[in-house]
Amino acid sequence: MAQKKASADPNPTDGLIVPSKVGKSKEDWIGNQLKRIYDEALTEDIPDDMMSLLDQLDNNASATESNSEESTQ
């Protein structure tokens, strides 16, 4: 009995839209792929350690502004 063999190589177009089905040029296809990736990145959560670093930067910036305002008065 013949069995279907699973391919060792994944299909390189999995999850991608092939150029011939989108737009009129490679540039359109590349633009659509970049937009898709950008949109996916926007929906991802920011890791807690990154948020902590951003909070530290905000606090340092606020302290620096306060110190410079006090020294000019």
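What follows is calculated from the coordinates using simple rules that are stated; it is not laboratory data. This is a predicted model, so every value here is computed, not measured. Quick reminder, even Gly has a Cβ in these numbers, built from the backbone with ideal geometry, and neighbours come from all protein chains shown.
How far apart, in nm, are two points set 7 Å out from the Cα along the Cα-to-Cβ line at Leu54 and at Glu27?
3.4
Taking θ as phi - 60°, what are the ³J(HN,Hα) couplings along region 44-54 by the Karplus curve (6.51, -1.76, 1.60), each to the nearest whole Hz, with x for Gly and Pro?
6, 6, 8, x, 4, 5, 5, 5, 4, 4, 5
Could the peptides 40-49, 55-64, 27-36 be put in order, highest first, of the mean number of other beta-carbon atoms found within 10 Å of their residues?
Those peptides, ordered most packed to least, come out 27-36, 55-64, 40-49.
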